[in-house]
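Reviewing the structure listed below.
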Amino acid sequence: MDQNNNIKDLPIGVFDSGIGGLTVFREIMSQMPNERLIYFGDTARVPYGNKSRDTIEKYSLQISRFLLSRKVKAIVVACNTASAFALDALIKTVPVPVIGVVEPDAKAACEATKNGRIGVIGTMATISSHSYDDAVHAIMKDAEVISRSCPLFVPLAEEGLWEDPVTDEITRRYLAELTDRGIDTLIMGCTHYPLLRSTIARFAGEGVTLVNPAYETAKELHALLEKEDVLTKKEPVLGQENRYQFFVSDMADQFKAFANSIIPYGILSAKVIDIESY
Ligand code: DGL
């Protein structure tokens, strides 16, 4: 009997500093509708984007211990900042497959670019880590990577100002220096940015391909689980509220309200846990 059979039906853990990782969660739901998913949003300690590597590593290891306590078969770091700072530490310590968002994005960008000029936007921490530069250069040595932190995008996305004159003005300023340098591909290197996609696309211009971490990561996750032979073969029998579970470190009601605006079914509950105890 296939010893992976028990593992196949375990859930996949997905985590983010808060709500942004739900864009990745939503994409995994759509690309792998049979899988059970557990989401953790670190709503008590968000934002990660202006914190140090040591802090992000500590938080990410605590979260992975929590997810492992729920018996997950794989962990998705659905946060660009945590992927940039903590992925290596997680891969070294976590006994299940771990996937971040940086490498799938870099791979997609290298496949998409024609002129070798790739733009990257993300939080201050992500951009200062140079993770995207390293990941792109590991695939395409001669690529020119032009990066820009866009710290106002996260609050704009959380305020629901996805299409708004204020967002237009800020996007215009942020993207000008990238488009002036002739990028033909732009990595939206932060979980929140897909929510601003249409505004970003408008200011990036028609000739620029946008790389969406949510889509690319779900695709890579599928490939990884297939390679490890741990994709579930079962049609879902559980109701959605059991198939998809949500945990946060604070502010469950706000989380639920936001999640309900982007997940394509009603979230019934989000449970607060004490993440510091893991
Ligand atoms: N989730 C973070 C990221 O993708 C953005 C929000 C934060 O700063 O925590 O980088």
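The values are calculated or read from the model by the stated rules, or taken from the named source; none is laboratory data. None of the values given here were measured: they were computed from a predicted structure. Counting neighbours? That spans all protein chains shown, and the Cβs are built from the backbone with ideal geometry, glycine included. Please note that ligands, DNA and RNA were not included when accessible areas were found on the heavy atoms of the full protein model with its side chains. Shrake-Rupley method; radii C 1.70, N 1.55, O 1.52, S 1.80 Å.
Tell me whether segment 143-162 contains one or more residues that are more than 18 Å from T123 (Cβ to Cβ), within 16 Å of the ligand (Cβ to nearest atom), within 17 Å of the chain's Cα centre (by Cα) and aromatic (F, W, Y). Checking segment 143-162: not a single residue is more than 18 Å from T123 (Cβ to Cβ), within 16 Å of the ligand (Cβ to nearest atom), within 17 Å of the chain's Cα centre (by Cα) and aromatic (F, W, Y). Consider only pairs whose beta carbons are under 8 Å apart and that are at least six residues apart or on different chains; among these, list those whose first residue lies in segment 123-139 and is more than 21 Å from D54 (Cα to Cα) and without any contact (Cβ under 8 Å) to a residue 24 or more places away in the chain and whose second residue is in a loop (DSSP other than H, G, I, E, B) and open to solvent by less than 20 Å² (accessible area, probe 1.4 Å). From segment 123-139, the pairs are H137/A143. Among the residues of segment 100-127, which ones are within 16 Å of the ligand (Cβ to nearest atom), open to solvent by 70 Å² or more (accessible area, probe 1.4 Å) and closer than 21 Å to T179 by Cα? Once the filter is applied, which keeps residues that are within 16 Å of the ligand (Cβ to nearest atom), open to solvent by 70 Å² or more (accessible area, probe 1.4 Å) and closer than 21 Å to T179 by Cα, segment 100-127 yields only M124. In segment 172-185, the qualifying residues are those that are part of a loop (DSSP other than H, G, I, E, B) and among the acidic types (D, E), and the one that is least open to solvent (accessible area, probe 1.4 Å) is D184. Yes or no: segment 150-166 includes at least one residue that is over 21 Å from A259 (Cα atoms), open to solvent by less than 80 Å² (accessible area, probe 1.4 Å), charged (D, E, K, R) and not in a strand (DSSP E or B). Looking for residues that are over 21 Å from A259 (Cα atoms), open to solvent by less than 80 Å² (accessible area, probe 1.4 Å), charged (D, E, K, R) and not in a strand (DSSP E or B), one finds none in segment 150-166, hence no.
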